[in-house]
Amino acid sequence: MRRYAVYILLIPLALSIVAGCGRREATAPPAQNVLRYALTAEPTTFDPALVRDGPTIDLLFQVFEGLVQWDENNRLVPNLAERWEVSEDGRTYTFYLKRGVKFHNGREVTAEDFKYSIERSCDPELASPVSATYLNDIVGALDKLNRKATEVKGVQVVDSHTLRITIDHPKAYFLAKLTYPTAYVVCREGIEADGDIVGNRRLRINERCAIGTGPFKVTQYQPGSKVVLSANRDYHGGAPKLDGIERPIVLDASTRHAMYERGDLDIVDVQKGDLLRDQQDPVLSKELQQFDRASVFYLGLNQNVFPPFRDRRVRLALAYATDKDAIVKVALMGVPQKANGIIPPGVLGHDPGFEGIPYDPEKARRLLAEAGYPDGRGFPTLTLTFREKTPDLRRAAEMIKEQYRKELGINVELREMEWGAFLDALDRKELPFIHLRWAADYLDAQNFLSVMLRTGAPENVVGYSNPRFDALCDQADRERDEQKRIQLYREAERIAVQEDVPWITLYFQRDVELIKPYVKGIRDSLMGHLPHVTTRIER
């Protein structure tokens, strides 16, 4: 068997060498001044009030904008609001809008557009899956979502360029929440003229009425093929250096990599299985770049649909049996950082000294036996679900499967799901065991703890509930002293990670990308590449 395994490993290596010999050095810039990089999944929506997945958010960032934005130093800076004031009690924000900002159709943006946009996001007919998470702090937002009011009381138009937003309690993270697409401004007349009908109204944005204020406009969408954006020459921040952006929809990682090598893409994600070959390639090795992200990959243990997970000892057993160091080193080529906790580096509340749960297979076996499953006997087959066509996730999942078989005698089946179907299944909270990423929407521990694991939170898809954890998060959410907030969140994190284990955190994300040498001016942050206002193709 070992001899056959060697042959299996050598065949793809030989094929990669052959492929490398036939590679032409495609370093010349494209004929057009257009940036080309693939969408790794079909866009789930063109509506900022509905979007919830990273690939689609990255697309919509180019088209729609909000009051504030992130910069290259991971700071909150003005965008469509040129400045703002916060009341003494920390509850009322007055935004003074930048004048002369125009929608893609040429009309100037006013404070009334922001009120319309936020109230539309909270319209129960729209059925946004994310508004209750990102707009819930605004006075009256939940009332509108729950059909108890017809407007959002906490959003007031002072005059055409002044907007006032009042929240229920002082919350240090609130301003950062406005960087999430649910708070972006959208064009009412565009939606009402050509939007998708919900009930008896044109309410939902499609590619035809995706009219924002961003540096690029949606020009073309061919489902299963590509999305094309063209530059907004009247952009309030100055015309983009690019004429456009082309996003071919390419689900398969190997196909994306081959397209980059042929010169059909200018940027491509690198799966860890390709990294060694790229590092040894004389051309590609010079084009590799790495970027830290405020994201954590984890295993989610759903206590509501898999009865053994209701026993804390079972959850702890899996955590102690998870060799994260091996997963990072072997499956992921040592690229990401092992995650001992939930909160990533660079996010307010991250604790670099937190050690989490160590790898201890002997303790794992003892806990599983105490729970009634000695050597895994009687433990039902466990299905681990993750996003399809993502080799890094599969490599990690295969190692996890083998670790649990070897150390605990547990049988794990692997199940890949199409991205949209996966998101729908998460909404229904029906998946017992998931391998998933949570990427920061804003750089605050609240976005990882309160949003993801508080009892009843919309994003809590694993059924976790602990009153002590909830109380700490609630107190931290309202605390105005930053150091006190951090300590409260860290205490909550310890309860979740070391005592209750609703998640088994694996690693913090570090992206590896190939970027053509003629692509210049990319701005980056912990949130990802920023809108391509300054990106250019050098000839």
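Things worth noting here:
- Ordering of 256-263, 76-83 by packing is 256-263, 76-83, highest average first (other Cβ atoms within 10 Å, averaged per residue).
- Here the stretch 142-225 was treated as a single set of alpha-carbon atoms; its pair distances binned every 5 Å from 0 give 3, 10, 13, 21, 22, 16, 9, 5, 2, 0 percent.
- Reachable lysines, given that their alpha-carbon falls under 17 Å from the alpha-carbon of Lys429 and they are not under 8 places away in the same chain: none
- Semi-axes of the equivalent ellipsoid for the stretch 82-143, Cα gyration tensor, largest first, Å: 22, 20, 8
- For Arg91, no residue whose modelled amide H falls within less than 5 Å of its own remains once neighbours fewer than 5 places apart on the same chain are excluded.
- Selected from Cys473, Tyr507, Leu453, residue furthest toward positive end of dipole (the stretch 436-539; charges at beta carbon): Tyr507
- At the listed q of 0.13, 0.17, 0.18, 0.19 Å⁻¹, the Debye profile of the stretch 291-365, built from one uniform point per Cα, gives log10 I(q)/I(0) equal to -0.47, -0.79, -0.86, -0.94.
- The per residue volume of the convex hull around the alpha-carbon atoms of the stretch 388-539 is 168 Å³.
- Within-13-Å neighbourhood charge of Ala231 [Cβ basis; K, R +1; D, E -1]: +1
- Looking at the stretch 293-510, the DSSP beta bridges with both ends there are about 60 percent antiparallel.
- Basic side chains Lys and Arg get +1 at the Cβ, acidic Asp and Glu get -1 at the Cβ, and with that the dipole of the stretch 293-510 about its Cα centre reaches some 380 debye.
- Dividing the C-alpha radius of gyration of the stretch 159-308 by 2.2 N^0.38 Å, with N its residue count, gives 1.45.
- Relative contact order, whole percent, for the chain stands at 19, derived from Cα pairs under 8 Å and 6 or more residues apart.
- Every helix of 4 or more DSSP H residues in the chain counts as -39500 (n - 2.57), and over all residues that averages to -8000 deg cm²/dmol at 222 nm.
- Length added when fully stretched, Phe291-Glu430, from 0.36 nm per residue minus Cα-Cα: 46.7 nm
- Helices meeting the span-like rule in the chain (full DSSP H runs, Cα extent of at least 20 Å along the helix axis, mean Kyte-Doolittle score of 0.0 or higher): 2-21.
- A cut-off of 5 Å between modelled amide H atoms, ignoring neighbours fewer than 5 places along the same chain, links His350 with no other residue.
- P(r) for the chain, from all Cα pairs and a bin width of 20 Å, is 20, 53, 25, 1 %, short bins first.
- Each principal axis of the Cα atoms in the stretch 293-510 has its own extent, and those three values, largest first, are 50, 37, 34 angstrom.
- Restricting the calculation to alpha carbons of the stretch 235-328 gives Rg and Dmax of 20.7, 58 angstrom.
- Protection proxy ranking of 139-152, 380-393, by the mean of other Cβ atoms within 10 Å over each peptide's residues and highest first, is 380-393, 139-152.
- Long pairs among Lys272/Lys389; Lys363/Lys389; Lys177/Lys241; Lys115/Lys241; Lys241/Lys272; Lys329/Lys406, criterion Cα-Cα beyond 25 Å: Lys363/Lys389; Lys177/Lys241; Lys115/Lys241; Lys241/Lys272
- Residues whose amide H lies under 5 Å from that of Asp71, counting only those 5 or more places away or on a different chain, are Val77; hydrogens are built 1.01 Å from N in the peptide plane.
- If you model the stretch 68-187 as an ellipsoid using its alpha carbon gyration tensor, with each semi-axis the square root of five times an eigenvalue, the axes come out at 21, 18, 14 Å, biggest first.
Values in this text are rule-based calculations from the coordinates and carry no lab data. Note that the coordinates shown come from a computational prediction; the quantities given were computed from them, not determined experimentally. We place every Cβ from the backbone using ideal geometry, glycine too, and count neighbours over all the protein chains shown.
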